[in-house]
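*Asks:* Here's a structure for you.
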Amino acid sequence: MAAIPERVHLTMQVNGEAAPVSFAPYKTLLEVLREDLGLTGTKHGCELGECGACTVLVDGQPVLSCLALALECGGRAIETIEGVQRGPELHPLQAAFADCGGSQCGYCTPGVIMTAKALLARNPAPTRDEIREATAGNLCRCTGYQQITEAIESAATLLRAERT
Amino acid sequence: MNETKKRLDVIGKPRRRVDGRAKVTGQLRFADDLALPRMLHAKLLRSPHPHAIVESVDAEKARRHPGVKLVLTGQDFPVPFGIMPVSVDEYPLARERVRYVGDPVAAVIASDEQSAVEALALIEVRYKALRPVCGPQDGLEHPEPRIHDYGEQGNIHRNQAYEFGDVDEALRNADFVAEDLFFYEGNTHLPMEQQASLAFLDQDGKLQISSSTQNPHYLHRQLSRVLQVPESRIRVVATPNGGGFGGKCDPGGHEFVVSKAALVLGRPVKIGLTREEVFYVHRGRHPVLMKMKTGVTKEGKLTGMHLQTLLDGGGYGSHGPASTFYTGVLTPVTYHYPRFKFEACRVFTNKPACGPKRGHGTPQPRFGQEVQLDKIAERLGMDPLELRLKNLTKAGDLTASWLRVGSTGLEDCLRKVAEISDWKGKRGKLPQGRGVGLACSTYMSGAGVAIYWNKMPHSGVQVLLDRSGTVVVYCGATEIGQGSDDVLAAIVAETLGVDTGSVRVVTGDTGITPVDLGSYSSRVTIMAGNAAVQAAERLRASLAAAVCETLGTLPDRVVFSQGKVFAADNTGAGMSFVEAVTMAEAQLGTLSAVGSYSPPKPPGRYKGAGVGPSPAYSFSACVVEAEVDERTGWIHVPKIWMAHDIGRALNPVLARGQVIGGVYMGLSEALMEEQSFRRLPEKLSGALVHRAPSMLDYKSLTALDMPEVEVALIEDPDPNCPYGAKEVGQGPLLPVMPALANAIFDAVGVRIDEIPITPDKVLRALEAKAEGKAPRVGPDSYPSVPYPEPTFVLPPWEGGDGNESRKGGEKRAAAAVV
Ligand code: FES
Ligand code: FES
């Protein structure tokens, strides 16, 4: 068996910029983002694919970063919560979460916002049920989900207005 | 001061919380987001046995493993800890005994997590297995081997009994006595954030720990005790908690381990618990078996209650002594019981220790009480709403047990929730399979006494003004997601007439903030809030004195509002807040003030009267609608209505969020959450193991399962509370479980007298009903518990003075005298 290298080196596109990084090959995308790239905005609640807190976008798709090997992410476009803001301004989703009570302790928030961002990208006018279905994999212990759903609804309205 | 009558600018207005931006940008730093140069990583070795003697721990191989810097064992921690002074029974790493599967026995500190995990496997521990105690009944039947060598007797940790007036007589004189057994399974907090801590020595060589704790002050004291380091050489920073719900109230073994390691190695040491470990740390809802006897007249008046509870405590004391009290003490706050008797027993078992979870000890008896009332109403042929309205306590009442009911909006809550849910139109009138259920509850806005006996304030706040117009608020309160930073900011901003954008809040840091006892028992809004009002009012008085001459008015005619300072009778003239601050600073020097808060002395004076009193109780009333599929037992909840007496909503967005979040957690407990255990087969060690130490197996509601919640906030400011605001974080959870059980009865006519209410139980009850048996699932017997002779106290209306009136055996004589 070939020896496992101690570290591997590759470059991902993180939040629109090339991010060269070297890391132990067993590391998950979550670990590399948090530990090797210092992007601690992405959270974890289980590291077993059960809670959704670690959701990031990989090539636009929501992915549980605790289940993705960083090794497989070379050349792919990764988007994390740190990349959502528009310069100094909050993204409408972020503003809506802050204003509508969509974030209480805030621990699940980055994961839910990433999930919602992917939803709104493919469905700019989701129904409440579609929002609930899309976020059903993101556990939240604080909000009871209602204000999360309301925040996503209100952000969707704003984003649609921006487009027209 | 005239000022207090001014209209409110900040309070009561929906507003983005002060920490909102940090949370949505990912900038907020939770404990595990922290890292320091040369940081090491710690991992814990946990016991695979529920109950065993630790004969030896051989860590030699682990110490030699590459990357390992230190191995700690029980020998490194000779001093025990415990959140309550009466149950200091736990070691950071077990010394001679392990008491549940998951009890930590050793720790490895290594250069990376991977090496630490590898080294754990090299530690050789010799255990001698002991018979595990699997439940409270087992513990009563098997006093030996004892899990602890303290407690009441055998494996009984706490055993207590109180009688307020002759309850036997009250039951005898009733037209009938409802007698019911209920069981409430244990469940856990499941905060999204797993506990993490980072300890290091600061530039002065002092220990600092940043940790996801709800109670930095108590942790500070315990660290000093266990590590034998003076408190002045320790700084505890409570990082924002990714949810607490009571699960981060107890100090954890891991916090002592990283602190000790940092002291020994002089390097930063971090630990992050895995989700499985969080299930083992637990300190969650106690499983409680209950027996409830309530006397009722034909007219539906309650004559008295005899409540017995039996708690499964798990392997350690934790908050258990308080939890034991809470399985009864708040029962008489909602309804008037002329007499009340309460017996409670907590038994040690070989499971993770139970402790405080949202509602702390009270959801269990509240469930029983509210379901029993529903049964009583049914028996009387009365609307359950009317029965409740008939028996409500009134504002200012004392209970039989000498608790002072301050303000109460429960009647308003009931009427409101009935109205918005169309209770009258729905109850008993929905098609078969659909029903509505009603229940009420109450909760404390902070406890009357601290966890350790002292005469100092429960909360302190310092407010500092600088000439830029920035207001900095320092307070030991801990932001666990509930919005305590926002509460402080709103109160100070309102009092000084600025907006929250000018206020910076620094909290939860024993190195720089005045002591606040912590984020538990819904105490922060009232206690830190009142301290903040006092500090801000003092500052306002200084400012007013400094500027009144310029404004041509008297100090008490100076108004602070919307960033302006002006005379009440000449609103056109005035100055900006910043100008007022500079003028005052020029006259008085640097501007700062402190405030503090201690709750009023409770009226009860008997031993034990300290648990239950609160400066203000919140009240809630809830209606749940349920649909039951009679073929599968599946329960669907389309909607929940909740009216909550909050006194005043400081920030309605957050208040509503707390209500919905409480409803969510209550419904999740009611339908599915279970921290339960099973025995492995003998050939696999026979150990008692957690059934579901993962988020996949420990079920909780998702966004798809959560019904719509309609919230009504009942606002009638409470005079004991800052700007009238009572608690909202815990109360609205409590009535959901019984309201669901009552809705199921309305839907399909069966009683599920235990929580959680799962489809299999509904099906069993439906089958029993079809066979003509009692349409009920629930416990059918109550063990004989050796409760002590009760402390006998006469209720206020029977001539009592709040003291124990006679020693135990003489109570009949005492009652006869009256
Ligand atoms: S941390 Fe990835 S799903 Fe929980
Ligand atoms: S806001 Fe706390 S877990 Fe969602």
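Since every read-out is calculated from the coordinates, none of them should be taken as a lab result. All values reported here derive from a predicted model rather than from experimental measurement. Note that we place each Cβ from the backbone using ideal geometry, even for glycine, and neighbour counts take in every protein chain shown.
*Asks:* Indicate the helices, whole DSSP H runs only, in chain B that combine a mean Kyte-Doolittle hydropathy of -1.0 or more with a Cα extent along their long axis of 30 angstrom or more.
*Replies:* On the way: long enough: B:529-551 (31 Å, 0.51).
The qualifying helices are B:529-551.
*Asks:* Here is a follow-up. If r is the Cβ-Cβ distance from B:TYR150 to B:SER232 and R0 is 25 Å, what FRET efficiency results, to the nearest 0.05? All intermediate terms of the calculation are to be shown ahead of the outcome.
*Replies:* Details: r = 31 Å, r/R0 = 1.23.
It comes to 0.20.
*Asks:* I've got another one for you. With labels modelled as points extended 7 Å from the Cα through the Cβ direction, what inter-label distance (nm, one decimal) is found for B:ASP58 paired with B:VAL79?
*Replies:* 3.3
*Asks:* In addition: Give me B:THR334, B:THR590 ranked fewest to most by other Cβ atoms within 10 Å of their Cβ, as a rough exposure proxy.
*Replies:* Details: B:THR334 29, B:THR590 9.
Ordered from fewest to most neighbouring Cβ atoms within 10 Å, B:THR334, B:THR590 come out as B:THR590, B:THR334.
*Asks:* Multiply the residue separation of B:ALA35 and B:GLN203 by 0.36 nm, subtract the distance between their alpha-carbon atoms, and state the gained length in nm to one decimal. Intermediate values should be presented prior to the final figure.
*Replies:* Working: separation 168, 0.36 × 168 = 60.48 nm, distance 1.63 nm.
Taking B:ALA35 through B:GLN203 to full extension adds about 58.9 nm, to one decimal.
*Asks:* Given 37 °C and 0.692 mPa s, how large is the Stokes-Einstein diffusion coefficient of chain B in µm²/s, with Rh as the Kirkwood radius over Cα pairs? Intermediate results must be reported in sequence, preceding the final value.
*Replies:* Values: Rh = 27.8 Å.
Answer, rounded: 118 µm²/s.
*Asks:* Once Lys and Arg get +1 and Asp and Glu get -1 on their Cβ, which of B:SER232, B:VAL333, B:SER318 lies farthest toward the positive end of the dipole of segment B:190-344?
*Replies:* B:VAL333
*Asks:* Through the Karplus equation 6.51 cos²θ - 1.76 cosθ + 1.60, θ set to phi - 60°, convert the phi angles of segment B:434-440 into ³J(HN,Hα) values in whole Hz; use x for Gly and Pro.
*Replies:* Once rounded to whole Hz, the list reads 10, x, 10, x, 10, 7, 10.
*Asks:* Among A:PRO126, A:PRO25, A:PRO88, which one moves the most in a GNM of chain A with springs linking Cα atoms closer than 10 Å?
*Replies:* Residue with maximal mean-square fluctuation among A:PRO126, A:PRO25, A:PRO88: A:PRO88.
*Asks:* Among the lysines, which fall within straight-line cross-link reach of B:LYS301, defined as a Cα-Cα distance under 16 Å, with same-chain neighbours fewer than 8 residues apart omitted?
*Replies:* B:LYS293, B:LYS375, B:LYS390, B:LYS394
*Asks:* Loop only by DSSP, 15 or fewer other Cβ within 10 Å of the Cβ. Give me the trypsin sites (Lys or Arg not before Pro) in segment B:352-398 that pass, ordered by residue number. Don't skip to the answer; put the middle values down first.
*Replies:* Working: sites: B:LYS357, B:ARG358, B:ARG366, B:LYS375, B:ARG379, B:ARG388, B:LYS390, B:LYS394; in loops: B:LYS357, B:ARG358, B:LYS394.
Sites meeting the loop and neighbour criteria: B:LYS394.
*Asks:* Can you put B:SER805, B:SER211 in order of Cβ neighbours within 10 angstrom, beginning with the fewest?
*Replies:* Values: B:SER805 22, B:SER211 28.
Placing the least packed residue first, the sequence is B:SER805, B:SER211.
*Asks:* Could you give the nm distance between label points at B:TRP453 and A:GLU72, where each point is 7 Å from its Cα heading toward the beta carbon?
*Replies:* In this crude label model, B:TRP453 to A:GLU72 measures out at 6.2 nm.
*Asks:* In terms of Cα to Cα distance under 19 Å, which aspartates and glutamates are near enough to B:LYS357, apart from those fewer than 8 places away along the same chain?
*Replies:* B:GLU185, B:GLU193, B:ASP250, B:GLU276, B:GLU277, B:ASP312, B:GLU479, B:GLU669, B:GLU673, B:GLU674, B:GLU727, B:GLU754
*Asks:* Could you sort the peptides B:132-144, B:522-534, B:745-757 by per-residue average Cβ neighbour count (10 Å cutoff), highest mean leading?
*Replies:* Values: B:132-144: 18.8, B:522-534: 28.3, B:745-757: 23.2.
Those peptides, ordered most packed to least, come out B:522-534, B:745-757, B:132-144.
*Asks:* Less than 12 Å Cβ to Cβ from B:GLN195, Lys/Arg counted +1 and Asp/Glu -1: what total charge do the surrounding residues give?
*Replies:* -1
*Asks:* On to the next question. Can you give me the long-range amide H partners of B:ILE755? Hydrogens built in the peptide plane at 1.01 Å from N, cutoff under 5 Å, separation of 5 or more residues or another chain.
*Replies:* B:PHE183, B:TYR184, B:GLU185
*Asks:* Right, here's the next one. Averaging sequence separations of C-alpha pairs under 8 Å and six or more residues apart, then dividing by the length of chain B, give the relative contact order as a whole percent. Don't jump to the answer; show the numbers that get you there.
*Replies:* Details: 2168 pairs, mean separation 131.5, N = 818.
Rounded, it is 16 percent for chain B.
*Asks:* Give me the net charge for the shell around B:TYR280: Cβ to Cβ below 12 angstrom, other residues only, Lys and Arg +1, Asp and Glu -1. Before the final figure, lay out the partial values.
*Replies:* Working: positive: B:ARG46, B:ARG99, B:ARG275, B:ARG283, B:LYS351; negative: B:ASP103, B:GLU276, B:GLU277.
Spelling it out: positives minus negatives among the neighbours equals +2.
*Asks:* Continuing with the same structure: Among the GluC sites (Glu not before Pro) within segment B:73-116, which fall in a DSSP loop and have no more than 12 other Cβ atoms within 10 Å of their own Cβ?
*Replies:* Values: sites: B:GLU90, B:GLU96, B:GLU113; in loops: B:GLU96.
Taking segment B:73-116 and a limit of 12 other Cβ atoms within 10 Å, the loop GluC sites (Glu not before Pro) found are B:GLU96.
*Asks:* Just want to confirm a number: the relative contact order over segment B:541-680, from Cα pairs under 8 angstrom separated by 6+ residues, in percent.
*Replies:* Numbers: 114 pairs, mean separation 16.1, N = 140.
Result for segment B:541-680 is 12 percent.
*Asks:* Another one. Does a label point 7 Å from the Cα of B:SER576, set along Cα-to-beta-carbon, have any residues of segment B:433-477 with amide nitrogen under 12 Å, and which are they?
*Replies:* B:468-470
*Asks:* While we're looking at this one, here's another question. Select from A:GLN61, A:GLN85, A:GLN94 the residue whose mean-square fluctuation is largest in a Gaussian network model of chain A (Cα-Cα springs shorter than 10 Å).
*Replies:* Highest fluctuation among the options: A:GLN85.
*Asks:* Roughly what % antiparallel, to the nearest 5, for the DSSP beta bridges in the protein assembly as shown?
*Replies:* On the way: 119 of 156 bridges.
Close to 75 percent.
*Asks:* For a quick check: with amide H placed at 1.01 Å from N, whose amide H comes under 5 Å from B:LYS341's, ignoring anything fewer than 5 positions away on the same chain?
*Replies:* Amide H to amide H, under 5 Å and 5 or more residues apart or across chains, B:LYS341 pairs with B:PHE164, B:MET305, B:HIS306, B:LEU307.
*Asks:* Also: Of B:ALA545, B:LEU704, B:ILE714, which is farthest towards the positive pole of the protein assembly as shown's charge dipole, taken about the Cα centre with +1 and -1 on the beta-carbons of Lys, Arg and Asp, Glu respectively?
*Replies:* B:ALA545
*Asks:* Remind me, relative contact order of segment A:92-163 in percent, using alpha carbon pairs under 8 angstrom and six or more residues apart? Write down the numbers at each step before the final one.
*Replies:* Numbers: 76 pairs, mean separation 36.7, N = 72.
Value for segment A:92-163: 51 percent.
*Asks:* Please report, largest first and rounded to whole Å, the three semi-axes of the ellipsoid equivalent to segment B:373-425, where each semi-axis is the square root of five times an eigenvalue of the C-alpha gyration tensor. Intermediate results must be reported in sequence, preceding the final value.
*Replies:* Numbers: eigenvalues 110, 51, 7 Å².
The answer is 23, 16, 6 Å, longest axis first.
*Asks:* Here is a follow-up. Counting Lys and Arg as +1 and Asp and Glu as -1, each charge on the Cβ, what is the dipole of the protein assembly as shown about the Cα centre in debye, to the nearest 20? The partial results should precede the final answer.
*Replies:* Details: 106 positive and 113 negative charges, 170 e Å.
Dipole magnitude for the protein assembly as shown comes out near 820 debye.
*Asks:* Sticking with this one: Take B:HIS189, B:HIS41 and order them by how many other Cβ atoms sit within 10 Å, fewest up front.
*Replies:* Working: B:HIS189 25, B:HIS41 22.
With the sparsest Cβ surroundings first, the list reads B:HIS41, B:HIS189.
*Asks:* So if I place +1 on the C-beta of Lys and Arg and -1 on the C-beta of Asp and Glu, and nothing else carries charge, what would the dipole magnitude of segment A:8-83 be about its Cα centre? I want it in debye, nearest 20. Write down the numbers at each step before the final one.
*Replies:* Details: 4 positive and 10 negative charges, 7 e Å.
Rounded to the nearest 20 debye, it is 40 debye.
*Asks:* Per the Kirkwood treatment, what hydrodynamic radius in Å, one decimal, follows for segment A:92-163 from the mean inverse distance over all distinct Cα pairs? Mind dumping the intermediate values first?
*Replies:* Working: mean 1/r = 0.0856 Å⁻¹.
It works out to 11.7 Å.
*Asks:* Along the charge dipole of chain B, pointing to its positive end and built from +1/-1 on Cβ of Lys, Arg, Asp and Glu, which listed residue (B:LEU223, B:PRO356, B:GLN194) has its Cα farthest out?
*Replies:* Checking the options against the dipole of chain B, the answer is B:LEU223.
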